[in-house]
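Engineer: Structure provided below as structure tokens; questions to follow.
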Amino acid sequence: MRLWCSERESDIKSYASDVRVQGVVLELVELAHNPNTAALANSATAQAMKLYLSPLLETHHYVDYLVISPQRRVLAALDPKLVNLQTPPVYETNLRRALGGKPAISRPFLNQWPEGQYTNSAIMFVAAPVTSNEGKVVAILALRMNPEDEFSRIFSMSRLGKTGESYAFDRRAVMLTASRFDPELRKLGLIPSHSNSTSVLNLRLTDPGVDLERGKSSLTTHSEFPLTRMAAEAIKGWEGVDVQGYRNYRGLKVVGAWSWVPEYGMGVATEEAAEEAFETFYILRRAFVVLFLLLVLSACAILVFTLSVERLQASVRRNALAARHLGQYVLMQEIGRGANGMVYRARHSLLRRPVAIKLLSPEMTNDGNIARFEHEVQMTSQLTHPNTIAIYDFGRTPEGLFYYAMEYLSGINLDQLVRRFGPQPEGRVIHVLRQVCASLAEAHQIGLIHRDIKPANIVLTRRGGAYDMVKVLDFGVVRAVHIDSADKASLNAIVGTPHFMSPEAIERPASVDARSDLYSVGALGYWLLTGKTLFDGQEVQELLKQQVQLVPPRVSERLGTLVTPDLEAVIASCLSKVTDQRPASAEVLEAALGACSSAKAWTAEDAENWWKEHLAGVDVLPVTQMAEKTLIIADRS
């Protein structure tokens, strides 16, 4: 029905915007100022309109046309007797919509013109505005049609079996389309008895209480019958389905479905006799049971086959791994293992360069883990800053092992640092945070947000004789600010580590930006200075609530000793619950840290002495942290 109505609206829009029709209508509007009715009805302009529109009426089975002024006066019509008449009130709703600039299609209604020029019959029309060159609505073009021919036909095409039918009705529960049972309805007295009468506008959808073809209702007149269950619910604007059975307007027990279509002010229903509807139910049920059993057996067979193939593939991967070769890399020692994979110390077979190889475990190689693995390496490989872990290579072995090679780091991560050696000096904290900011600045400039800055993802290492050099790791949950539409499902995911997450990453994950990373940098500085996290909660939900609602104690208060005010103020600004009150960018934060009075208190000599005293000979690979502690809640909505 919607398709048919939209096609009629498209027809009228096309003809109303035709330059020839517009020109003739404008001439009619000018002629309308002449009080001579005959001059308007018999003018050459009116004949031209008839010439243009007659082929349309014949092709699309329209009854006639009307050109109506904004004052509801007929300016032209196929029947010249209608010219200069005022349109009946029943036209008003749709004419008002057309004058508002939109096409409108009416429900079927009784067409009654004043002075008896037109007989009482069912009619419906579609109307569209005709505009001037300046875009002003100057008139309405309306095409009228017989609902018994056109409108009823689209419903008759969906009849089911011998008793099924579909039909439309208005808010009074009066039928707007012809019933397939019109002859029976005439015999039952539900519609007028003459041969040309139909149920269109003549039948109200009421329940007689009995099957009228098998018995007589106890009520004396049709008007005393209550509405059918379907009609009573539909005119309230409800949709419904009833497969238990209810009586229709003939008293026959039927199953049906119905819906109200508010844009056209009509209800639509489809019904079929319950006996016919369930006639093949048991046959189908038996067939379904047989097919279902076959499907279960097939599924079991496929499952067994799939598990066997996966087990075989995993065995092949394990054997390849046992051979200690991944492409051009030789695996030397496993140095870390997580839920989804492991990290090996390795060397390039030709270059002899030490590398760290991160790979998916054979048992966890599936589409989801592969996609996350590839995402991590693709994001990290875009970054070239010295304070960001460098990616050398990415590949897949013939056996299906996914891996990537990155620079091998010897050193300690900030989580290990604080747990083993306690709170760190202000100068060293500033030195570390400035390097973290430098790494993030590059990522933010190309539109990448880390989303999981935490102590375990920041490594202190030695490079080229320099000590306390920072490396930022684990870009596995990074998100691009300008995300592709294919990835929009991830926008509502909570991602991060609860102790270091910003409030907006919890409440509004889709709104996180670079300043969310800066909140995490502030929480990282808090950890380095105090040896403690912002809040002490252990349960995830409790921590998330604290991050959103509570303000952590100041650094000096938590540490129990005085911290330089300017450094404390910078950390506090990063931890503001309001994003606009945080530093505007990683560059701004790095400059603010550099301007602190204790920024130069930690020298290269201090760093070298600390390393020689505490980590002489240490060869640790912190990149083994495989983000298992990162919180990912897939969809808050």
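Engineer: Among what's in the stretch 184-214 and is of a type in the set (D, E, K, R) and under 24 Å from Ser158 (Cβ atoms), pick the residue that is surrounded by the most Cβ atoms within 10 Å (Cβ to Cβ).
Structural biologist: At the first step, the residues of the stretch 184-214 found to be of a type in the set (D, E, K, R) are 184, 186-187, 204, 207, 211, 213-214.
Narrowing further to those that are under 24 Å from Ser158 (Cβ atoms): 184, 186, 204, 207, 211, 213.
On the way: Glu184: 14, Arg186: 18, Arg204: 19, Asp207: 21, Asp211: 14, Glu213: 12.
Among them, the one singled out is Asp207.
Engineer: In the stretch 62-95, which residues are on the phi < 0 side of the Ramachandran plot, without any contact (Cβ under 8 Å) to a residue 60 or more places away in the chain and of a type in the set (S, T, N, Q)?
Structural biologist: Gln71, Gln86, Thr87, Thr93, Asn94
Engineer: Cβ-Cβ under 6 Å, sequence separation 6+ or interchain: first residue in the stretch 243-267 and without any contact (Cβ under 8 Å) to a residue 60 or more places away in the chain and at positive phi, partner of a type in the set (Lys, Arg) and part of a strand (DSSP E or B). Which pairs?
Structural biologist: Gly245/Lys253
Engineer: Pick from the stretch 495-531 the residues that are among the hydroxyl-bearing types (Ser, Thr, Tyr) and in contact with a strand residue (DSSP E or B) (Cβ under 7 Å, 6 or more places away or on another chain): which of them is farthest from Gln546 (Cα to Cα)? Before you say what the answer is, go through the steps one by one.
Structural biologist: Taking the stretch 495-531 and keeping what is among the hydroxyl-bearing types (Ser, Thr, Tyr), we get 497, 502, 511, 516, 519-520, 526, 530.
Those still in the list that are in contact with a strand residue (DSSP E or B) (Cβ under 7 Å, 6 or more places away or on another chain) too: 497, 516.
Values: Thr497: 13, Ser516: 16 Å.
Out of the qualifying residues, it is Ser516.
Engineer: Criterion first (under 30 Å from Ala356 (Cα atoms), surrounded by fewer than 15 Cβ atoms within 10 Å (Cβ to Cβ), of a type in the set (D, E, K, R) and in the same structural domain as Gln435 (by TED's automatic domain parsing)) does Glu613 satisfy it?
Structural biologist: Working: under 30 Å from Ala356 (Cα atoms): yes; surrounded by fewer than 15 Cβ atoms within 10 Å (Cβ to Cβ): yes; of a type in the set (D, E, K, R): yes; in the same structural domain as Gln435 (by TED's automatic domain parsing): yes.
Against the criterion (under 30 Å from Ala356 (Cα atoms), surrounded by fewer than 15 Cβ atoms within 10 Å (Cβ to Cβ), of a type in the set (D, E, K, R) and in the same structural domain as Gln435 (by TED's automatic domain parsing)), Glu613 qualifies.
Engineer: Any idea which of Ala523, Ala505 is over 23 Å from Leu567 (Cβ atoms) and among the small types (Gly, Ala, Ser)? Full working, then the answer.
Structural biologist: Values: Ala523 fails: over 23 Å from Leu567 (Cβ atoms).
Just one listed residue meets the conditions, Ala505.
Engineer: Mind checking whether some residue in the stretch 32-46 is loosely packed, with under 14 Cβ neighbours inside 10 Å, closer than 25 Å to Met145 by Cα, among the hydroxyl-bearing types (Ser, Thr, Tyr) and out of contact with any Pro (no Cβ under 6 Å at 6 or more places or on another chain)? Break it down stepwise before answering.
Structural biologist: Let us first name the residues in the stretch 32-46 that are loosely packed, with under 14 Cβ neighbours inside 10 Å, namely 33-39, 42, 44.
Checking the rest, the ones that are also closer than 25 Å to Met145 by Cα come to 42.
Filter again for among the hydroxyl-bearing types (Ser, Thr, Tyr), leaving none.
No, there is no match, as no residue in the stretch 32-46 is loosely packed, with under 14 Cβ neighbours inside 10 Å, closer than 25 Å to Met145 by Cα, among the hydroxyl-bearing types (Ser, Thr, Tyr) and out of contact with any Pro (no Cβ under 6 Å at 6 or more places or on another chain).
Matching residues to (1) of a type in the set (A, V, I, L, M, F, W, C); (2) at pLDDT 90 or above; (3) under 24 Å from Ala592 (Cβ atoms):
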site	(1), (2), (3)
Gln538	no, no, no
Gln546	no, yes, no
Val551	yes, yes, yes
Ile571	yes, yes, yes
Cys574	yes, yes, yes
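Engineer: Of the residues Leu401, Leu409, only one is under 19 Å from Ile458 (Cβ atoms) and touching a residue at least 60 places away in the same chain (Cβ under 8 Å); which?
Structural biologist: Values: Leu401 fails: under 19 Å from Ile458 (Cβ atoms).
Among Leu401, Leu409, only Leu409 is under 19 Å from Ile458 (Cβ atoms) and touching a residue at least 60 places away in the same chain (Cβ under 8 Å).
Engineer: If Ala339 satisfies every condition in (1) assigned to a helix (DSSP H, G or I); (2) over 21 Å from Tyr392 (Cα atoms); (3) at pLDDT below 75 but one, which is the exception?
Structural biologist: Every listed condition holds for Ala339 apart from (1).
Engineer: Do we have any residue at all in the stretch 319-327 that's at pLDDT 75 or above, charged (D, E, K, R) and either touching a helix residue (DSSP H, G or I) at 6+ places or on another chain (Cβ under 8 Å) or assigned to a loop (DSSP other than H, G, I, E, B) (or both)?
Structural biologist: Within the stretch 319-327 (the criterion being at pLDDT 75 or above, charged (D, E, K, R) and either touching a helix residue (DSSP H, G or I) at 6+ places or on another chain (Cβ under 8 Å) or assigned to a loop (DSSP other than H, G, I, E, B) (or both)), the answer is no, since none of the residues qualifies.
Engineer: Moving on to the next point. In the stretch 161-178, which residues are surrounded by fewer than 23 Cβ atoms within 10 Å (Cβ to Cβ) and out of contact with any helix residue (DSSP H, G or I) (no Cβ under 8 Å at 6 or more places or on another chain)?
Structural biologist: If the condition is that a residue be surrounded by fewer than 23 Cβ atoms within 10 Å (Cβ to Cβ) and out of contact with any helix residue (DSSP H, G or I) (no Cβ under 8 Å at 6 or more places or on another chain), then Asp170, Arg171, Arg172, Val174 are the ones that fit.
Engineer: Could you tell me whether Ser10 is under 17 Å from Met145 (Cα atoms) and either of a type in the set (Lys, Arg) or in the same structural domain as Asn84 (by TED's automatic domain parsing) (or both)?
Structural biologist: Working: under 17 Å from Met145 (Cα atoms): yes; either of a type in the set (Lys, Arg) or in the same structural domain as Asn84 (by TED's automatic domain parsing) (or both): yes.
Here the answer is yes, as Ser10 does meet what is asked.
Engineer: Only one of these is touching a residue at least 60 places away in the same chain (Cβ under 8 Å), not assigned by TED's automatic domain parsing to the domain that holds Ala173 and not β-branched (Val, Ile, Thr): Ala127, Ala98, Ala48. Name it. I'd like the intermediate steps shown before the answer.
Structural biologist: Details: Ala98 fails: touching a residue at least 60 places away in the same chain (Cβ under 8 Å); Ala48 fails: touching a residue at least 60 places away in the same chain (Cβ under 8 Å).
The match here is Ala127.
Engineer: Of everything in the stretch 535-559, what is surrounded by fewer than 12 Cβ atoms within 10 Å (Cβ to Cβ) and within 17 Å of Gly525 (Cβ to Cβ)? Give them in sequence order.
Structural biologist: Filtering the stretch 535-559 for residues surrounded by fewer than 12 Cβ atoms within 10 Å (Cβ to Cβ) gives 536, 538-539, 541, 549, 551.
Across the stretch 535-559, the qualifying residue is only Val551.
Engineer: Within the stretch 169-183, track down each residue that is closer than 20 Å to Met157 by Cα and out of contact with any Gly (no Cβ under 6 Å at 6 or more places or on another chain).
Structural biologist: Going through the stretch 169-183, the residues closer than 20 Å to Met157 by Cα turn out to be 169, 175-183.
Passing the criteria: Met175, Leu176, Thr177, Ala178, Ser179, Arg180, Phe181, Asp182, Pro183.
So that you can scan it fast, the table gives a plain yes or no per residue for (1) over 20 Å from Thr533 (Cα atoms); (2) more than 40 Å from the chain's Cα centre (by Cα); (3) part of a strand (DSSP E or B); (4) not assigned by TED's automatic domain parsing to the domain that holds Val512:
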site	(1), (2), (3), (4)
Gln424	no, yes, no, no
Arg451	no, no, no, no
Val459	no, no, yes, no
Arg462	yes, yes, yes, no
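Engineer: Identify, please: which residue in the stretch 342-363 is surrounded by 18 or more Cβ atoms within 10 Å (Cβ to Cβ) and over 30 Å from Arg463 (Cα atoms) and is, among those, modelled with the highest pLDDT?
Structural biologist: Ser361
Engineer: Can Tyr264 be described as more than 16 Å from Leu160 (Cα to Cα), outside any loop (DSSP other than H, G, I, E, B) and of a type in the set (Ser, Thr, Tyr)? Don't jump to the end; show me each part of the working.
Structural biologist: Working: more than 16 Å from Leu160 (Cα to Cα): yes; outside any loop (DSSP other than H, G, I, E, B): no; of a type in the set (Ser, Thr, Tyr): yes.
For Tyr264, the condition - more than 16 Å from Leu160 (Cα to Cα), outside any loop (DSSP other than H, G, I, E, B) and of a type in the set (Ser, Thr, Tyr) - is not met.
The values are calculated or read from the model by the stated rules, or taken from the named source; none is laboratory data. Since this is a predicted model, take the numbers as computed values, not measurements. Every residue, glycine among them, receives a Cβ derived from its backbone with ideal geometry; neighbour counts consider all protein chains shown.
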